[in-house]
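The structure under discussion appears below in the form of C-alpha cells.
What follows is calculated from the coordinates using simple rules that are stated; it is not laboratory data. The structure presented is a predicted model; accordingly, all values stated were derived computationally and were not measured. Glycine also receives a Cβ, built like all others from the backbone with ideal geometry; neighbour counts cover every protein chain displayed.
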Amino acid sequence: MFEGEVTFFGGVKKHTGLFNATIHNCRIGNNVYIGQIRNYIANYNIEDNVVIENVDLLAVDGVSDFGNGTLVSVLNETGGREVPIYDHLSAHLAYILALYRHKSVIVDRITELINDYTRSVSSDRGTIGHHAKLTNCRTLRNLRVGAYTRMDGSYRITNGTINSNESAPTYFGPGVIAEDFIIGTGSEVSQGVEIFHTFIGQGCILGKQYSAEHSLFFANCQGMHGEACAIFAGPYTVTHHKSTLLIAGYFSFLNAGSGSNQSNHMYKLGPIHQGIVERGSKTTSDSYILWPAKIGPFTLVMGRHYKHSDTSDIPFSYLIESGDDSVLVPGVNLRSVGTIRDAQKWPKRDKRTDPHQLDFINFNLLSPFTIHRMMKAIDILTQLKHISGETSDFYSYQSCKIKPQSLEKGLQLYEMAIQKFLGNSLIKRLENIRFESGEAIRERLRPDTTIGMGEWLDIAGLISPKSEIERLLTEIESDETHSLEDIAAFFADMHNSYYTYEWTWAIDQIQKRIGKTIDEFTVADVIQIVEGWKESVVTLDRLLYADAQKEFALGSRIGFGVDGGEGDRNLDFDQVRGEFEKNAFVNETLDHIRRKTELGNELIERMQAALQ
C-alpha cells in the first residue's frame, strides 16, 4: 500500500511507490519509496516507511551472518586474542574474551554462545528496518539495516549489521567503506571512514577519513583522521589527529595527542607485542611507546619511551622522556586541572540514547580500583626509599627513574587522595541520618554484604570486586550461566551494586587504618576521619586552584593583543578567555571547598549530638 509522501532534502516531495527499480525476491512493506536503482535489489525484507533512492546495488548473496561471528584479532596482529563480534557485544565480555586466554574453557564457552547467536541470525534474506533511509549509495552487499538508520552516500558496505532504532538512530555517511563489521545504536560513521573486521559500539563517532582494521570500539569512542590497528578501545577512547596511530593496545578513557603512536614488533618474530594503557590516561603530541609496556591509570605520557615500563601500580603519574630515560613522577596528576576536568566531562559527553545500553560505565575518579593502586604505590615508594637510601640521586623502578623529591611528593598526594576517598565513603554512608547513640552509628557503619573485600578490577569501564568477576567466570565454566543474556545481567548487577560493594571495601580499609573494629568505633574516631578528610579535600582543591591559575599567567597571554601594548594584550585575553576570578572551573573549585567544608562540619555536629 503506497498512500503517503516522502520529503527529501530541499523540501522536494515524492509519492511513495516503486520507480525505475529492478526488484528480485523481496517483501516490501507499506508506504515505501524505492526509486532510481541502477542495478537491482535482491533478497530483502523491506519494512514499512523505508526510503531507498539512487542506490547502485542492494543484495544478499547466499546465507549471510551479517558480520556476526566475525573474528577480530585485537592486541596481537598475528592472532591468539580473537574476539568474535555480535550485535550485543559489551566491552566487558570482549575484555574477558581478549585478555583471559589463560582461562580457555571459559573463552570457549562464551565463543560457543556467540556462535549460537550467529546461527540464529544467519539468513539468505536481509532486512531494512522500518523508517530507514538509504540514499545515494553505491554497493551494499549482505547488509542488515536497523530501523531509523540513515545512509547517505556510503560507498561500499559488505557483510555487516547497522543496529539502530527510533531512540538511537545510526548514521552512515559519504564515502564510507566497511567490510565484516557491526555498528551499535546511535553511532555515526562518515566522511570517508574505512573499517575492516571492526566492531563499533553505542554512541561512537568515526569520521574524517579515519581507518580501522581488526579493532573494537566501545561506548562513546571517537576516531578522526588517524588510524587504528588491532586495538581494544574501551569506552571514551578518543583520537582526533591525522598523525595518530593506535596499534596493538588496550585503551580506556584515553585521550591520544597528535602524533601519538606505538610499536608492536621489534623486527624479529613479527608484530607480536602488545601494550596496555589503563583508564584515564593521556598521550601528548609526538609521544611514543615501544610495546610491550603497561601504563597505570590516569597517567600522562610525554615523549618517547623504549624501555618497556610497567607503571600500573603507580597511578595518576607523569611518564616523561629525559634523554634516553623514562622518568616517572608519581601521583602528580592528582593535582592536575585536566584530570578533574576529564572526570567531569565524561558523563556529560555520553551520546548513548538507546534505553538498552550494552556497556556499564563507572565514571568515578577515585574508587577501590584506583585507591588500592595508590596504597600499593605507597608501599612501593616507601620500600624504594628504604632499600636505596634517602640520599640517592634517583630511584629505579620498572625501567623508570624517580627523583627523590618526586617520590616524597607522590607519597603526600597519594595519602591525601586515600583520605579523601575513605572520607567520601564514610560521609555518604552517614548522610541525612540523626543518630541517638554511638551504637546507632556503629550499626550504620556495618556493611550490607561481605562482597567487596580485596582487590578490585576495571573491566573495560566496569569497576567491580575481583571476587565477583571470578564468581561469574566460575559460573560460566561450570555451565551455571547458560546464556549471553545471563552474562549481561550479571554485569548489570555488579554495576548497580557498586556503592554497596564500595562501602564493604572502604569500611574494611578504615578499620585497618585506625586499628579498630567497627564494634570499637567511637564518635571521636568518626570525627577524626572527617577532620582528616576535610584537610585533604581542601588541600587538593587548593592545588587544583593553583594549577588552574597557570592558565591565566603572563606566559599564557603570548599572542594576545596583536599590534597593541600590554593593556591591549590583557584586555584581548580577558575578552577571549575570561577573567580568572570568573572562570567556571575556578568558581566551582572554590564552591567545592565551601560545600565540602560545610558537609564535614554538619556531620561532625550530628556526631557530637549523638553523645548528648
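Here are some notes:
- Net charge over other residues, Cβ less than 11 angstrom from the Cβ of Gly461 (K, R count +1; D, E count -1): -1
- Shape class for region 156-304, computed from the alpha carbon gyration tensor (a ≥ b ≥ c): prolate, with a/c not under 1.5 and a/b above b/c.
- Computed about its Cα centre, the charge dipole of region 523-609 is approximately 160 debye, with only Lys, Arg, Asp and Glu carrying charge at their Cβ.
- Cα gyration tensor shape for region 350-518, rounded if a/c is under 1.5, else prolate or oblate: oblate
- With all projection directions averaged, the alpha carbon convex hull of region 523-609 covers 6.1 nm².
- Ordering 227-235, 185-193, 245-253, 520-528 by mean Cβ neighbour count within 10 Å, with the highest value first, yields 227-235, 245-253, 185-193, 520-528.
- Selected from Val329, Tyr100, Tyr33, residue furthest toward positive end of dipole (the chain; charges at beta carbon): Val329
- Order of Thr158, Thr481 - criterion: other Cβ atoms within 10 Å of each residue's Cβ, fewest first: Thr158, Thr481
- Residue order, fewest to most surrounding Cβ atoms within 10 angstrom, among Phe560, Phe218, Phe8: Phe8, Phe560, Phe218
- When the Cα gyration tensor is reduced to axis lengths a ≥ b ≥ c, the ratio a/c is 1.5 or higher for region 2-152, and with a/b above b/c it is classed as prolate.
- Residues Ser281, Ser467, sorted so that the one with the fewest Cβ neighbours within 10 Å comes first: Ser467, Ser281
- Per residue, the chain reaches -11000 deg cm²/dmol at 222 nm when only DSSP H runs of four or more residues are counted, each adding -39500 (n - 2.57).
- Computed from Cα positions, the angle between helix 566-577 and the longest principal axis of the chain comes to roughly 60 degrees.
- Overall, region 422-552 carries a charge dipole of about 800 debye about its Cα centre when +1 sits on the Cβ of Lys and Arg and -1 on the Cβ of Asp and Glu, all other atoms neutral.
- Alpha carbon centroid spacing (whole Å) that separates region 74-149 from region 363-405: 42
- Taking a straight Cα-Cα cut-off under 16 Å and skipping sequence neighbours fewer than 8 places away in the same chain, the lysines within cross-link reach of Lys208 are Lys242.
- The magnitude of the dipole of the chain, with charges of +1 and -1 set on the Cβ of Lys/Arg and Asp/Glu and taken from the Cα centre, is near 840 debye.
- Dipole of the chain [Lys/Arg +1, Asp/Glu -1 at C-beta], most positive-end residue of Thr353, Asn570, Leu462: Asn570
- Entry for region 418-538 at q = 0.10, 0.18, 0.19, 0.22 Å⁻¹: log10 I(q)/I(0) = -0.39, -0.95, -1.01, -1.24, Debye formula applied to identical alpha-carbon scatterers, no solvent contribution.
- Between region 253-287 and region 444-476, the alpha-carbon centres lie 30 Å apart.
- Cα-based Lys proximity count in region 350-518, under 26 Å, for pairs eight or more positions apart or on separate chains: 27
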